[in-house]
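Worksheet: the structure to be examined is printed underneath.
The values are calculated or read from the model by the stated rules, or taken from the named source; none is laboratory data. This one's a predicted model, so the numbers in the text were calculated from it and none came from an experiment. No Cβ is skipped: glycine too gets one built from the backbone with ideal geometry, and neighbour counts run over all protein chains shown. Surface accessibility is based on the protein's heavy atoms, side chains included, excluding ligands, DNA and RNA. Shrake-Rupley method; radii C 1.70, N 1.55, O 1.52, S 1.80 Å.
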Amino acid sequence: MNSSLVKVEAKSLSVAIVGFTGECGKALTKEILSNDLFNRTILIGRRKVDFDQEIFKKGEQTIVDFDKLDDYEEVFKNVDVVYCCLGTTRGKAGVEGFRKVDFDYVNKTATIAAKCGCKQFHLISSSGANKNSSLLYPQVKGLAEEAVNKMDFDKTYVYRPKLLVGTNRDENRVGERIFKVITVPFQYIAPTFVTTPIDILAKAMLANTFLNINSNGDKNMLIDNNSIFEASKIYEKFLKSKN
């Protein structure tokens, strides 16, 4: 993966993180605010969070009802980039709840963002996403990808990480926790094989926001796990040059 010069001046951008209370959203928020990357950072979620760390207070929290997101269209106006970090689990929300969050809310967020003139939309999906799958999780993720790619953004980035590590989610399933322990050796031997650290994912999303990374003029970009790791390294080099 190659990068050229900075494509967009980061400090000129206003960004919104939808789902900032989740583990991926928090990692992305911390990376952005710690490095003072953008002109304005809006944190969109369903509940207010009282952060202990001072750095998080630099973001502008906006509380919305995702079931009535049309009522909050004003929030998305004058936003250049939207990072969609929405997601839940079947175990936590049930089948219909999972579909609502991972498809309905994602689709509605993208629809309103596009309507309001957002230039870039970044969606965290999952490895194995496939709208034609007979399994619920990959099918819903695949349908969400398809819906977002049809929107009228200048650029759409869909990320397909492997098993996310570095999370402290209360709803982690027993099997998932065990699998994370088993994969620890692979994180050192073959880091891209089965896992994706959430901080690596956050850095990759930022790299694609303002660096010209192998886009080749394509409107819709699908970022697999290898590309996520490569983009994060490019971001770190950029950050060092920036400082």
Quiz prompt | Cross-link pairs Lys57/Lys108; Lys119/Lys240; Lys115/Lys155; Lys100/Lys219; Lys48/Lys237; Lys155/Lys203 - those with Cα-Cα distance over 22 Å | solution = Lys57/Lys108; Lys119/Lys240; Lys100/Lys219; Lys48/Lys237
Quiz item: Ranked highest first by the average count of other Cβ atoms within 10 Å around their residues, in what order do 116-126, 145-155 fall?
Solution: 116-126, 145-155
Practice problem: Note the full-extension length gain between Tyr137 and Lys233 as 0.36 nm times their separation in residues minus their Cα-Cα distance, in nm to one decimal. | Solution: 31.6 nm
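Whenever you get a sec, line up Ser12, Ser227 from highest to lowest accessible area (probe 1.4 Å, protein heavy atoms).
Working: Ser12 70, Ser227 30 Å².
Sorted by accessible area, descending: Ser12, Ser227.
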Quiz prompt | Accessible surface of segment 67-134, 1.4 Å probe, proportion on carbon and sulfur as whole % | solution = 42 percent
Quiz prompt | Radius of gyration and Dmax over the Cα atoms of segment 1-134, both given in Å | solution = 15.4, 45
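Determine, for each peptide in 195-202, 47-54, the mean count of other beta carbons within 10 angstrom over its residues, then list the peptides with the highest first. Before the final figure, lay out the partial values.
Details: 195-202: 22.9, 47-54: 10.2.
Highest mean packing first, the order is 195-202, 47-54.
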Quiz item: Taking a probe of 1.4 angstrom, what is the accessible area of Arg99 in Å², to the nearest 10?
Solution: 80 Å²
Exercise. Distance between Cα centroids, segment 95-128 to segment 6-73: provide it in whole Å.
Key: 16 Å
